[in-house]
Amino acid sequence: LDLPEWLKKTAPQSWLPKMPVEDFDLKVFLAVTVLSAALLLIGWLGYLRRDMVEVS
């Protein structure tokens, strides 16, 4: 796809280095991991707080 560069940079895959061509960046890896865990926790808490009634 011939997408604009700014749109390509919105994908999380573009934040991580292209191994083995680029060096591994621990700071970026940890930032993406922490962000993913935080979003997972927010989603899980939202799931637990859902207000749905079971109808039988």
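Summary table
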| quantity | calculated |
| --- | --- |
| Residue check for Thr33: of a type in the set (Val, Ile, Thr) and surrounded by 10 or more Cβ atoms within 10 Å (Cβ to Cβ) | yes |
| Long-range neighbours under 8 Å by Cβ, at least six apart or interchain, first residue closer than 16 Å to Leu16 by Cα within segment 30-49, second assigned to a helix (DSSP H, G or I) | Val32/Pro12 |
| Members of segment 6-30 that are surrounded by 10 or more Cβ atoms within 10 Å (Cβ to Cβ) and over 16 Å from the mean Cα position of the chain (by Cα) | Phe24, Asp25 |
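Values in this text are rule-based calculations from the coordinates and carry no lab data. Remember, it's a predicted structure, so these values are computed and weren't measured experimentally. Neighbour counts are summed over all protein chains in view; Cβ atoms, including those assigned to glycine, are modelled from backbone coordinates with ideal geometry.
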